[in-house]
Amino acid sequence: MSDIEERLQELERLGLARRLRLVSGPQGPTVLIDGKPVLLLCSNNYLGLADHPRVREAAADAAMRWGVGAGASRLVSGTMTIHRRLEERLAAFKGSQACLLFGSGYLANIGVIGALAGRGDAIFSDELNHASIVDGCRLSRAEVIVYRHRDVEHLEWSLRRHGSGRDGAARRLIVTDSVFSMDGDVAPLAEIAELADVHDARVMVDEAHATGNLGPGGRGAVAEAGLSDEIDVVVGTLGKALGSYGAYACASAEMVRYLINTARSLIYSTAPSPPAVAGALAALELLRERPHRVQRLRSNARVLRRALAREGFPVADLEMQIVPLIVGDERDAMRLCQEAIERGVFAQAIRPPTVAAGSSRLRLTAMASHTASELQMAASVFGDAARKLGIDPASLTPALGEHEPVLDGREMAYTELTAYAHDPSSEDDASAATPFDVESDSESDGESPPTAPVPAMASAPFDVERELDSARAA
Ligand SMILES: Cc1ncc(COP(=O)(O)O)c(C=O)c1O
């Protein structure tokens with residue numbers, strides 16, 4: 001038996017094997033999963049823009065006007081007028097001087113972190129940060145100090161212990177999600193910004209799950225906290241509330257110039273595709289024109305949460321769209337997921353290593369495009385499914401955002417901080433560290449006009465019957 005087969009069998013034994021589920025139809029409230037219609041309750045299409053007719057049309061139009069691929073990295077010939085336009089709009093939306101598009105949120109995080117910290121520097125990272133931040137920390141070769149989740153006292157203690165940027169020694173970077181992806185709770189951004197100021201550290205915030213839900217008009221948690229001028233780099237993805245694919249880093253003009261010269265995942269990767277950029281641009285316009293979508297998402301989150309609470313699940317009466325049902329055991333989480341699918345509702349089970357062992361969960365997400373009755377139906381499906389499996393909804397572990405963090409032990413001496421092991425095999429490739437020259441980035445007007453009229457768009461609402469027919473035919 002090969003080592004790979006052995007590893008796969010081990011994952012099966014541990015209840016950790018993963019497989020891809022086939023979804024037919026756009027990410028609307030209803031999709032087909034493996035040919036069966038279900039209510040979709042785990043998509044990050046929070047505002048329902050990924051399948052909005054105007055967003056689809058904009059992407060199709062861009063494909064006709066600019067082509068499908070950008071054809072090169074941003075620094076070679078891949079920066080097109082559509083990229084520049086979205087960067088300007090995102091900077092205005094987020095209240096920053098400048099903005100830089102990346103291929104994805106994962107790429108943005110590893111690129112920005114690697115640009116702001118390297119060997120000899122220190123990164124302070126919340127223990128529940130997204131994997132792309134964790135990987136960015138690992139790749140940077142900086143010393144990584146993981147502070148307890150949302151624990152500003154622990155962060156302060158860590159900053160005190162790890163040199164001072166003012167001494168001219170190491171650079172220091174604090175990095176955090178603003179809304180945490182698996183728990184839906186919010187980082188203490190004001191305290192973090194204050195600590196950064198006192199301890200001369202830079203701050204990078206990942207707004208992947210806050211954009212479109214928090215802040216004025218969905219501008220995010222940084223804007224909500226009034227910190228747009230305090231945070232050095234605000235990263236966000238276009239792949240969630242903005243309904244497309246790609247990502248951005250908003251910062252000062254100087255910082256963006258620096259990232260253009262140093263962020264390796266920008267320099268060495270193809271620019272985002274014009275249809276994806278145009279789709280996000282249309283989504284952003286829709287969000288600016290009709291910010292009521294944000295309110296709809298928030299009130300839907302509350303409807304879902306109240307209905308789940310009525311079923312006995314330990315969820316709080318909040319307006320956060322991410323609602324974790326923490327079952328604990330990996331297999332129980334999978335069984336609950338499967339039982340709910342049988343009953344017509346889909347929320348994927350999330351297991352280690354995405355979450356800590358023993359905290360496997362269904363991560364439910366409300367969308368602005370759900371109706372209240374769909375969300376209420378979903379809650380009763382989860383209640384019934386859990387009870388059928390012998391799981392008492394009230395016995396589930398409340399998620400972190402559902403109450404204040406546990407303070408026990410703060411007065412005790414902190415144990416030695418965890419630092420990620422550096423992988424010696426990733427040691428330097430000096431030549432690759434040299435930045436490219438920046439090509440002229442003056443905006444040209446030279447794109448060809450569309451070569452053919454944009455075809456009539458498939459903007460009709462998702463037709464479950466039609467999709468079922470084609471799934472059966474397949
Ligand atoms: C907090 C956070 N940051 C970054 C990412 C990565 O973004 P993308 O999907 O655009 O790579 C995700 C999600 O996938 C996320 O949840």
* Find the Cα radius of gyration of region 1-148, compare it with 2.2 N^0.38 Å by division, and give the number to two decimals. => 1.40
* **Highest to lowest packing among 372-385, 243-256, scored as the average C-beta count within 10 Å** => 243-256, 372-385
* **Alpha-carbon Rg with Dmax, taken over region 70-272, Å** => 15.7, 47
* To do: Using the Cα centre as the reference, give the magnitude of the dipole from point charges on the C-beta atoms of region 70-272 (Lys, Arg: +1; Asp, Glu: -1; all else neutral), rounded to the nearest 20 debye.
  => 880
* Structure fact -> Residues meeting the amide H criterion for Val144 (H placed from the backbone, H to H distance under 5 Å, 5 or more places apart or on another chain) are Ile123, Tyr420
* To do: Of the options Leu100, Gly136, Val152, report the single residue whose Cα projects farthest towards the positive end of the charge dipole of region 70-272 (beta-carbon charges: Lys, Arg +1; Asp, Glu -1).
  => Leu100
* Report the one residue of His292, Leu266, His209 whose Cα lies farthest in the direction of the positive end of the charge dipole of region 183-325 (charges on C-beta: Lys and Arg +1, Asp and Glu -1; origin at the Cα centre). => His292
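Since every read-out is calculated from the coordinates, none of them should be taken as a lab result. These figures come from a predicted structure and were not determined experimentally. Ideal geometry is used to build each Cβ from the backbone, glycine not excepted, and the neighbour counts take in all protein chains shown.
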